[in-house]
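The values are calculated or read from the model by the stated rules, or taken from the named source; none is laboratory data. Just so we're clear, the structure is a prediction, and the values are computed from it rather than from any experiment. FYI the Cβ positions are ideal-geometry reconstructions off the backbone, even for glycines, and counts take in every protein chain you see.
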Amino acid sequence: MKNLLLIIIFLGFSISSFSQKENLKLKNIKSKYANIFFKSPNKYDNKEQPFMVSKIIYSTSFKESESKNKYQISIYGKVNNNKEQILFNAKNIQELSYYRKVFKGKYKKILVFNYGYYKGKKKYYDTSLSVEY
């Protein structure tokens with residue numbers, strides 16, 4: 001009886017393992033925005049890499065302690081299958097709306113440059129967006 005039960009369990013596991021595919025095909029992720037590249041001296045040998053952008057968020061916030069508004073552009077996506085998140089601070093609302101029109105409009109190439117460095121124990125990031133028409 002025990003042998004019969006073991007044989008049934010063994011057959012059940014072996015059949016279920018054959019029913020699973022060993023090689024799953026992944027679909028290529030299409031970027032919502034074309035011709036956007038990422039460059040950083042800290043990553044990817046300081047070479048331009050295709051940036052597969054998943055979403056761009058434009059936001060404003062008010063800092064009461066400084067009595068001024070902050071305008072930010074957050075870019076989320078993947079570079080070489082590594083998640084990247086870039087935060088760009090615009091100077092004013094005109095610059096924020098300019099970049100919003102750029103990402104929605106026609107452009108030849110956009111380069112997102114991100115550089116991280118330490119000053120003392122604190123890490124700082126410099127971010128720039130370069131647009132080629």
Within the range 64-81, work out how many residues are free of Cβ contacts under 8 Å to residues at least 12 places away in the same chain and either part of a strand (DSSP E or B) or of a type in the set (Ser, Thr, Tyr) (or both). 3
What single numbered condition from (1) aromatic (Phe, Trp, Tyr); (2) surrounded by 14 or more Cβ atoms within 10 Å (Cβ to Cβ); (3) out of contact with any helix residue (DSSP H, G or I) (no Cβ under 7 Å at 6 or more places or on another chain) fails to hold for TYR124? (2)
Return only the number of the condition from (1) without any contact (Cβ under 8 Å) to a residue 40 or more places away in the chain; (2) surrounded by 14 or more Cβ atoms within 10 Å (Cβ to Cβ) that SER61 does not satisfy. (2)
Which of the residues that make up the range 111-125 are under 16 Å from GLN85 (Cβ atoms) and in contact (Cβ under 8 Å) with a residue 12 or more places away in the chain? VAL112, PHE113, ASN114, TYR115, GLY116, TYR125
For SER130, indicate whether it is farther than 23 Å from MET52 by Cα, of a type in the set (Gly, Ala, Ser) and not in a helix (DSSP H, G or I). no
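So that you can scan it fast, the table gives a plain yes or no per residue for (1) at pLDDT below 90; (2) hydroxyl-bearing (Ser, Thr, Tyr); (3) under 22 Å from TYR133 (Cβ atoms); (4) touching a strand residue (DSSP E or B) at 6+ places or on another chain (Cβ under 7 Å):
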{"residue": "LYS43", "(1), (2), (3), (4)": "yes, no, no, no"}
{"residue": "SER65", "(1), (2), (3), (4)": "yes, yes, no, no"}
{"residue": "LYS78", "(1), (2), (3), (4)": "no, no, no, yes"}
{"residue": "ASN81", "(1), (2), (3), (4)": "yes, no, no, no"}
{"residue": "LYS106", "(1), (2), (3), (4)": "yes, no, yes, no"}
Restricting attention to the range 77-93, report how many residues are loosely packed, with under 12 Cβ neighbours inside 10 Å and touching a Lys or Arg at 6+ places or on another chain (Cβ under 9 Å). 2
Which one is farthest from the chain's Cα centre (by Cα) among residues in the range 94-114 that are surrounded by 14 or more Cβ atoms within 10 Å (Cβ to Cβ) and not in a helix (DSSP H, G or I)? TYR107
Evaluate the range 93-105: report whether one residue or more is without any contact (Cβ under 8 Å) to a residue 40 or more places away in the chain and either closer than 25 Å to TYR44 by Cα or β-branched (Val, Ile, Thr) (or both). yes
Scanning the range 29-53 for residues that are surrounded by fewer than 14 Cβ atoms within 10 Å (Cβ to Cβ), of a type outside the set (Lys, Arg) and either touching a Cys at 6+ places or on another chain (Cβ under 7 Å) or without any contact (Cβ under 8 Å) to a residue 60 or more places away in the chain (or both) gives ILE29, ALA34, ASP45, ASN46
